[in-house]
Amino acid sequence: MKPEKIVSEVWKISGGSGLSSNVYLVDVIEPTLIDLGSPENTKSLIKSLKELGYDSKDIVNVVFTHLHFDHVGRPSKFGSASFFASEEEISAFDKNPSGVAIADEVISELKSVKLKPLGDEIAGLKVIKTPGHTVGSVCLWLPEQKVLFSGDTIFSDGVYGRVDLPTSVPDKMRISLEKLRLLKYKVLCPGH
Ligand SMILES: [Zn+2]
C-alpha cells in the first residue's frame, strides 16, 4: 500500500479494503507509529515503511488507540519499539484478553511485548482519553498542525465507532465525542 503524506512528518499507510486499520507514521520528534493494522498486513506495512526510508527497527514508539485485533498487528516485528496503550485498555486486556482483542490469534503476540501506560503526551502527540468504542480508547492530537488521530472513535464521514462490543462503554461516548468536537481539528486521521 503506497504511503500517503498527510502533513509534514505525518504519513498514512492505508489498511486497504480489508478489516485492517490504517497505520500512521508520525516523526515529529522520533519515529512513532499509531496502530499496526491487522496481523496479516504486517509485511505490506514494513514494505511501506521501507519506501519512506524507515526500517522496522527504526520505530521508537508504537501507540495503540485501543487493542482490537485489527489495530495491534504483529508488535514482535517492531522489536526495538516501546508499546503504549491507555492504562484502562491495558488493565482490561490483562483481565479479559479475548474480550479486548476480539480475535484470539493476536493475544500471544500482545502478551509477548510489554505494554506501557500512556501519559498525557508521547513523541509530540497529546493523548486524549475517549472511552466509548472501548473502555480505554484514546485519540492522539498534534496541536500545531491540528491533526487528530481518532482510532475507531470517529470516522471521516462523521460517523462514530461501534459501542456494542465486549468492552464498549456506550454511556461515555457522548462526552468523548464532545471533547473531540471542541478541538476544531483541520485534518482527521481515522482508524478506518
Ligand atoms: Zn476497534
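List every residue pair whose Cβ atoms sit under 8 Å apart, with the two residues 6 or more apart in sequence or on different chains, where the first one lies in segment 146-173 and is at pLDDT 95 or above and the second, anywhere, is within 12 Å of the ligand (Cβ to nearest atom) and among the aromatic types (Phe, Trp, Tyr).
Thr153/Tyr160; Ile154/Tyr160; Gly161/Phe155; Met173/Tyr160
When you go through (1) touching a helix residue (DSSP H, G or I) at 6+ places or on another chain (Cβ under 9 Å); (2) at pLDDT 95 or above one by one for Met1, which number turns out not to apply?
(2)
Could you please let me know if Gly15 is outside any helix (DSSP H, G or I), under 22 Å from Thr167 (Cα atoms) and small (Gly, Ala, Ser)?
Judged against the criteria, Gly15 is not a match.
Quick one: what pairs do we get from segment 60-72, first residue of a type in the set (Asp, Glu), second within 9 Å of the ligand (Cβ to nearest atom), C-beta under 7 Å, 6+ apart or different chains?
Asp70/Ser21
Answer yes or no as to whether Lys95 is of a type in the set (Lys, Arg) and closer than 17 Å to Gly191 by Cα.
So Lys95 does not fit the description; no.
Which ones in segment 76-102 are within 29 Å of Glu178 (Cα to Cα), more than 15 Å from the ligand (Cβ to nearest atom) and within 15 Å of the chain's Cα centre (by Cα)?
Phe83, Phe84, Glu87, Ile90
In segment 56-71, is there at least one residue being assigned to a loop (DSSP other than H, G, I, E, B) and surrounded by fewer than 20 Cβ atoms within 10 Å (Cβ to Cβ)?
Scanning segment 56-71, I find at least one residue that is assigned to a loop (DSSP other than H, G, I, E, B) and surrounded by fewer than 20 Cβ atoms within 10 Å (Cβ to Cβ), so the answer is yes.
I need the strands (runs of 3 or more DSSP E) fully contained in segment 107-192, keeping only those with at least 2 residues that are more than 24 Å from Arg74 (Cβ to Cβ).
125-129, 138-142, 147-151, 187-190
Only one residue in Glu40, Glu105 is more than 14 Å from the ligand (Cβ to nearest atom), within 17 Å of the chain's Cα centre (by Cα), surrounded by fewer than 23 Cβ atoms within 10 Å (Cβ to Cβ) and at pLDDT below 95. Which one?
That would be Glu40, the only listed residue that is more than 14 Å from the ligand (Cβ to nearest atom), within 17 Å of the chain's Cα centre (by Cα), surrounded by fewer than 23 Cβ atoms within 10 Å (Cβ to Cβ) and at pLDDT below 95.
Could you grab me the full set of residues in segment 60-72 that are over 12 Å from Val113 (Cα atoms) and within 16 Å of the ligand (Cβ to nearest atom)?
Selection gives Val63, Phe64, Thr65, His66, Leu67, His68, Phe69, Asp70, His71.
Listed residues Lys111, Lys186; which is in contact (Cβ under 8 Å) with a residue 12 or more places away in the chain and in contact with a strand residue (DSSP E or B) (Cβ under 8 Å, 6 or more places away or on another chain)?
None of the other options fit; the residue is Lys186.
If we keep just the residues of segment 145-177 that are among the acidic types (Asp, Glu) and away from the ligand (no atom under 16 Å from the Cβ), which is surrounded by the fewest Cβ atoms within 10 Å (Cβ to Cβ)?
The extreme case among them is Asp157.
The values are calculated or read from the model by the stated rules, or taken from the named source; none is laboratory data. Fair warning: this is a prediction, and the values are worked out from it, not measured in the lab. FYI the Cβ positions are ideal-geometry reconstructions off the backbone, even for glycines, and counts take in every protein chain you see.
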